[in-house]
Amino acid sequence: MRICFYGRLADLLGSRSLDDAPDNLTDGAALRDWLIQNHQQLSEGLTHPGTRLVLDNEITDWDAPLSGAHDIAIIPIVSGG
Amino acid sequence: MAARRTIIELSERPFNADAIAAAFRQGSEEAGAIVTFLGQVSREDDTDPVISLHLDHMPDTTLASIERIADAAEARWPLLKACIVHRVGTVLRGEPIVFVGCAARHRRDAFEAADYLMDFLKSEVLLWKKEIRDDRADWIEPRPEDYDDKKRWES
């Protein structure tokens with residue numbers, strides 16, 4: 001499963017994306033928990049209340065199922081232009 | 001649904017605001033008012049000035065977030081046309097970062113629509129902005145006043 005990160009989250013990760021998340025994670029909350037456990041440098045960013053899950057270019061709730069999503073991204077609070 | 005009357009561009013490269021404004025005026029003969037706004041990267045702080053901004057974005061999703069703002073403006077004011085050009089990537093101090101143009105039959109519609117577009121571009125668009133200074137780089141979040149500016153349009 002490929003996950004993309006933007007803004008501060010990409011900086012914390014040191015990369016735009018990672019590919020090591022297992023495919024059996026059912027929803028966004030499970031993905032977030034897995035990321036906090038396995039990529040602890042993301043913890044601060046992932047627990048920020050403004051951090052959101054994006055599935056196929058749509059911002060969704062963390063309990064949204066991941067099955068069927070082609071593009072998965074996690075974004076920090078936006079700064080605007 | 002009517003075709004969108006706003007031209008929207010995300011630019012990875014510096015843009016020529018004068019050329020964009022001139023092109024926007026062309027074909028606006030029906031307009032009684034054309035309002036244009038240009039935002040530039042400022043120093044922010046004289047003692048520790050910003051050298052550049054880096055704007056991270058998600059190409060399709062960021063564009064869609066601007067389209068939603070443009071559609072809301074078109075629904076609220078009788079715009080003949082509008083234009084939004086926004087930089088992404090690295091933008092040096094003094095360079096243009098955003099251009100907004102609004103053409104309407106009457107000036108108040110053009111003024112208000114441009115003001116509205118900027119208030120929402122400043123707080124709603126999916127962009128992540130990092131200020132680069134001599135000794136550090138800081139990711140920026142909207143300021144309380146950015147949200148206050150947006151609230152003006154809720155009534």
### Query
Any chance region B:122-129 includes a residue that's in contact with a helix residue (DSSP H, G or I) (Cβ under 6 Å, 6 or more places away or on another chain), more than 10 Å from every other protein chain (Cβ to nearest Cβ), buried (at least 17 other Cβ atoms within 10 Å of the Cβ) and within 17 Å of B:Thr6 (Cα to Cα)?
no
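It is to be established whether one or more residues within region B:100-117 are closer than 20 Å to B:Gln40 by Cα, at the interface with chain A (Cβ under 9 Å from one of its Cβ atoms) and not hydroxyl-bearing (Ser, Thr, Tyr).
There is no residue in region B:100-117 that is closer than 20 Å to B:Gln40 by Cα, at the interface with chain A (Cβ under 9 Å from one of its Cβ atoms) and not hydroxyl-bearing (Ser, Thr, Tyr).
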### B:Thr90 being in contact (Cβ under 8 Å) with a residue 24 or more places away in the chain and in a helix (DSSP H, G or I)
no
### Query
Only one of A:Leu31, A:Leu66, A:Leu25, A:Leu9 is among the hydrophobic types (A, V, I, L, M, F, W, C) and under 30 Å from B:Thr90 (Cβ atoms); which?
A:Leu9
### Task
Select from region A:24-48 the residues that are touching a residue at least 24 places away in the same chain (Cβ under 8 Å) and either surrounded by fewer than 16 Cβ atoms within 10 Å (Cβ to Cβ) or in contact with a Gly (Cβ under 7 Å, 6 or more places away or on another chain) (or both) and write down the one among them that is nearest to A:Ser79 (Cα to Cα).
A:His48
### Query
Residues of region A:38-81 being in a helix (DSSP H, G or I) and either of a type in the set (Asp, Glu) or within 13 Å of another protein chain (Cβ to nearest Cβ) (or both), which ones?
A:Glu44, A:Gly45
### Query
What about A:Asp20, is it more than 13 Å from A:Pro76 (Cβ to Cβ), modelled with pLDDT of 95 or more, more than 11 Å from the chain's Cα centre (by Cα) and away from every other protein chain (no Cβ under 12 Å)?
no
### Single residue of B:Ala72, B:Ala64, B:Ala19, B:Ala82 found to be more than 30 Å from A:Asp56 (Cβ to Cβ) and either touching a residue at least 24 places away in the same chain (Cβ under 8 Å) or not in a loop (DSSP other than H, G, I, E, B) (or both)
B:Ala19
### Query
For the subset of region B:37-66 comprising residues that are of a type in the set (D, E, K, R) and surrounded by fewer than 18 Cβ atoms within 10 Å (Cβ to Cβ), which member is farthest from B:Lys130 (Cα to Cα)?
B:Asp60
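The values are calculated or read from the model by the stated rules, or taken from the named source; none is laboratory data. As the structure is a computational prediction, the values presented were derived from the model and not from experiment. Quick reminder, even Gly has a Cβ in these numbers, built from the backbone with ideal geometry, and neighbours come from all protein chains shown.
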